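Take a look at the structure set out below.
The values are calculated or read from the model by the stated rules, or taken from the named source; none is laboratory data. None of the values given here were measured: they were computed from a predicted structure. Reconstructed Cβ throughout: ideal geometry from the backbone, glycine too, with neighbour counts over all protein chains shown. Protein only, heavy atoms only, side chains kept; ligands, DNA and RNA dropped before computing areas. Shrake-Rupley method; radii C 1.70, N 1.55, O 1.52, S 1.80 Å.
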Amino acid sequence: MASKLLGAHVKRKEDPRLITGTSQYVGDVAMPGMQHVAFVRSPHAHARVRGIKAGAALKVPGVVAVVTGQDLRPHVSPIPVAQASAEGGEVSEVKVGRQHYPLSVDRVRYVGEPVAAVIGLSPEAAMDGVGAVEVDWEPLPAVADPFAAMADGAPQLFDDAPKNIEHSTTIKAGDPDAAFAKAHRVVKQRMNSQRLSGIPMETRAVMAAPDFASGGLTVWATHQAPHVLRGGLADALRMPQNQIRVIAPEVGGGFGVKFGTYPEDVTVAALARLRRVPLRWIESRVEHMTGTTHGRAQMTDLEAAVGADGRIAGLRMHVVADIGAYPIFTFIPDLTLMMGVGVYHVKDVELKNTCVFTNTTSVAAYRGAGRPEAAYYLERLVDCIATELGKPPEEIRRVNFIPPSAFPYAAPTGQNYDSGEYARALAKSLEVSKYTALRAEQRQRIEKQDRTLLGIGMACYVEMCGFGPYESAMIRVEPSGTVTAFTGASAHGQGHETTFAQLIADYLGVDFDQVVVRHGDTSSAPMGFGTGGSRSLVVGGSAIVKASEKVQERARRIAASMLEAAFEDIVVTDGRYHVKGAPAKSLALAQIAEKAYGEGLPPGMEPGLEATEYFRPPQLVYPFGAHVAVVEVDRDTGRIRLRDYVSVDDCGTRVSPTLVDGQVHGGIAQGVAQSMLEEVVYDRDGQLVTGSLMDYAIPRAEDLPFFVTDQTVTVSPFNPLGAKGIGEAATIGSTPALVNAVVDALKPFGVRHLDMPLRPERVWRAMQNGGHAAR
């Protein structure tokens, strides 16, 4: 069918309420009699809880109650934990000794772990009460480094995890030993992908209130997957799912950290149920740094068996992943292995990870979740190979790309790449960035001994996204001809209401402004798995398309009866339903809807004009792209200025180019932040050193240039849109591009590699010491 809105630049439906401040977040929800919760948290990375005294806290004005882990324990189950299978990331709940209660009852394993809740008439009263609670702590030896955690004699976090190893996965294909034995050269490098904090603009928040009509609960939460949270709460509270309604109103960013079931979610919901009053907790920024899951936290050793022409014959990778104190999403290091060959045609591989418990905040999903790590390692390794062989980095990439003729491509890691033209994306990024001229400028600066060094870095990436198991959509044409749609995907800034309305308007022939898309409420949206892993358009949008097709078919059948024509002859053109070849005699959707809900339908046709669809993707999809970063480095200070940035991304079909650009801009910003600024740091005893935004650096506007975005389009055959996903792509491509650019600028000093973040001091010291500091 002809499309007017697919690929059109339209204004976001969400923006007016967000810009004017009329939208509603969890912090805006208020109910009569509402009380407030604050948490008593461990100051120790590892300790036993010998007792808690609440007497002084109960005397604080406005404090209503103090609830300990022992008080809450009879009313809740341990928080479910997940474990990845060795086959590659399938998640299953496990009943092992690594579970813990929402309020820990006997032992804490990281700074910030909650052991008691204080309920107050105001947030301030609750916080004052927290300060008056007395906890008898027995500090225990702690370990914050994964390598130290695996050493003999290290403190053990769990009895059933010897050497603190949670799990280990190995992927071996071909004959890597033979490839390394025959190699012209073996290139080695250790790299880190440092621990990061999510830092969404809105911190976590949860509010729970008894539903006296059903005997259940209504829970408002800033969450990426309301149905997932409902399931977690139902398990932890031992309640039927249909007695819990979860509402995610506006969500001020998620980036993966607003997934799963947190201790605070369960505690607030359980106490609201027990005390039969509405309760709310809003996370402080310091609590966010200590209590909300972190991302990345990997140290990796890489080896490439390389031929004289730069071809990579074999690859070895060993990822040591710090997963923190409790197993949340421990399959993320497995995703790193699954993307372990990236865009390169390497058949002989041995990839391994070791996931290690430490006395730190748990590590889970953060934008890209395992895939940025893999792309960073590979793209840095390719530049190391280019340096060792004295060849241009683009030449090493081109000689190793998977050719377009190989698709669909069965990677040795078990992935089935759907489609790709990697050389085309690289060529376009080099053309748009004026790469040849940049290299000439770089040579001139070196010859003149210019104070400001120029560096050009590139990165080519492929990622996996469009995760299942399915996503849902329900579309209803109202009697007036307007359309209401419900989706199981749940937005936290991505623009679902705009993109899905574009699709529906095209398929049903209704005006874009007459489509309302609703999400985030388990009482109205069909069962869904929320938003994460760049799945919203690929899976959620496909469900929208399939449901729209069902509604359109029904509308065509009704139109056929009204126009006295055969169903097969009814087409939709310019928003009108008419007989093929006779557009003058046509019907608007509103006329068809009036008939659908009125009298005179053909015999056997049920009233109404709506459909529900669950789309189950047959496999993952694999977006790709090429990024080029241009930096200037001050010889005297080590300060880096990101001068130019070019991003060429291939996400298949683009429904809303404006939203794609927004996702790319945000993704680049987060990749730049990891490269240059951000790092969660613990000391040897597990104390958080970067516990606030005074200590944890995030980028400001002056740290970022205007980005140049471009595209190639290679559709996926595995969903009706041909879409591939864009939400995490730019984060994956930007980090290695920027680090490659900085190292490229420092080559005159003999620098081969630098670990992130590339703060001025680290860069300056590398220049002073040459390659020694870098290694």
| field | Filter pass, V680 being outside any loop (DSSP other than H, G, I, E, B), open to solvent by less than 30 Å² (accessible area, probe 1.4 Å) and in contact (Cβ under 8 Å) with a residue 24 or more places away in the chain | value | no
| Out of curiosity, is D309 farther than 23 Å from G666 by Cβ, modelled with pLDDT of 95 or more, surrounded by fewer than 23 Cβ atoms within 10 Å (Cβ to Cβ) and touching an Asp or Glu at 6+ places or on another chain (Cβ under 7 Å)? | no
| said: Going through K188, K172, K182 one at a time, which residue ends up being in contact with a helix residue (DSSP H, G or I) (Cβ under 9 Å, 6 or more places away or on another chain), of a type outside the set (S, T, Y) and surrounded by fewer than 18 Cβ atoms within 10 Å (Cβ to Cβ)? | reply: K188
| note | Going through region 379-393 in order, the residues found to be open to solvent by 10 Å² or more (accessible area, probe 1.4 Å), in a helix (DSSP H, G or I) and either free of Cβ contacts under 8 Å to residues at least 12 places away in the same chain or among the hydrophobic types (A, V, I, L, M, F, W, C) (or both) are L389
| Only one of these conditions is not met by I402: (1) open to solvent by 10 Å² or more (accessible area, probe 1.4 Å); (2) of a type in the set (A, V, I, L, M); (3) out of contact with any helix residue (DSSP H, G or I) (no Cβ under 6 Å at 6 or more places or on another chain). Which number is it? | (1)
| query | Which numbered condition trips up D301, out of (1) in contact (Cβ under 8 Å) with a residue 60 or more places away in the chain; (2) crowded, with 24+ Cβ neighbours inside 10 Å; (3) part of a strand (DSSP E or B)? | reply | (2)
| message | Which residue is nearest to A272 (Cα to Cα), if the candidates are limited to region 201-232 and must be without any contact (Cβ under 8 Å) to a residue 60 or more places away in the chain and either part of a helix (DSSP H, G or I) or open to solvent by 40 Å² or more (accessible area, probe 1.4 Å) (or both)? | response | D211
| field | Some residue of region 759-769 being in a loop (DSSP other than H, G, I, E, B) and over 30 Å from V111 (Cα atoms) | value | no
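P412 - would you say it is without any contact (Cβ under 8 Å) to a residue 24 or more places away in the chain and open to solvent by less than 60 Å² (accessible area, probe 1.4 Å)?
Numbers: without any contact (Cβ under 8 Å) to a residue 24 or more places away in the chain: no; open to solvent by less than 60 Å² (accessible area, probe 1.4 Å): yes.
Here the answer is no, as P412 does not meet what is asked.
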| said: If I go through region 1-54 residue by residue, how many of them are open to solvent by 70 Å² or more (accessible area, probe 1.4 Å), part of a loop (DSSP other than H, G, I, E, B), under 30 Å from D506 (Cβ atoms) and not polar (S, T, N, Q)? | reply: 6
| query | Among the residues of region 132-144, is any under 29 Å from the mean Cα position of the chain (by Cα) and either within 19 Å of R684 (Cα to Cα) or modelled with pLDDT of 95 or more (or both)? | reply | yes
| note | The number of residues in region 454-481 that are in a loop (DSSP other than H, G, I, E, B), open to solvent by less than 10 Å² (accessible area, probe 1.4 Å) and of a type in the set (D, E, K, R) is 1
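Yes/no per residue for (1) within 22 Å of the chain's Cα centre (by Cα); (2) within 13 Å of S197 (Cα to Cα):
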{"residue": "G667", "(1), (2)": "yes, no"}
{"residue": "Q670", "(1), (2)": "yes, yes"}
{"residue": "E678", "(1), (2)": "yes, yes"}
{"residue": "L688", "(1), (2)": "no, yes"}
{"residue": "D695", "(1), (2)": "no, yes"}
{"residue": "D703", "(1), (2)": "no, no"}
{"residue": "V708", "(1), (2)": "no, no"}
| request: Could you figure out which of (1) in contact with a strand residue (DSSP E or B) (Cβ under 6 Å, 6 or more places away or on another chain); (2) at pLDDT 95 or above; (3) open to solvent by less than 30 Å² (accessible area, probe 1.4 Å) isn't true of V94? | output: (2)
| field | Neighbours by Cβ (under 9 Å, 6+ apart or cross-chain): first from region 324-340, over 14 Å from T300 (Cβ atoms); second modelled with pLDDT of 95 or more and part of a helix (DSSP H, G or I) | value | M338/R371; M338/A374
| request: Go through region 625-655 and count every residue that is farther than 30 Å from L453 by Cα and either in a strand (DSSP E or B) or under 20 Å from the mean Cα position of the chain (by Cα) (or both). | output: 4
| note | Residue pairs qualifying under the 7 Å Cβ cut-off, at least six apart or on distinct chains, with the first in region 265-285 being within 17 Å of V29 (Cα to Cα) and modelled with pLDDT of 95 or more and the second being open to solvent by less than 50 Å² (accessible area, probe 1.4 Å) and aromatic (F, W, Y), are V268/W281
| Within region 159-169, which residues are surrounded by fewer than 18 Cβ atoms within 10 Å (Cβ to Cβ) and among the hydrophobic types (A, V, I, L, M, F, W, C)? | I165
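Hey, among P717, P760, which residue is over 28 Å from S490 (Cβ atoms) and surrounded by fewer than 17 Cβ atoms within 10 Å (Cβ to Cβ)?
When all the criteria are applied, what remains is P760.
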| message | Contact list please: Cβ distance under 7 Å, first residue in region 233-258 and touching a residue at least 40 places away in the same chain (Cβ under 8 Å) and open to solvent by less than 20 Å² (accessible area, probe 1.4 Å), second residue of a type in the set (K, R) and in a loop (DSSP other than H, G, I, E, B), pairs at least six apart or on different chains. | response | V251/K258; G256/R367; K258/R204
| query | Can you name the residue in region 428-453 that is outside any helix (DSSP H, G or I) and more than 22 Å from R635 (Cα to Cα) and is also most open to solvent (accessible area, probe 1.4 Å) among such residues? | reply | K434
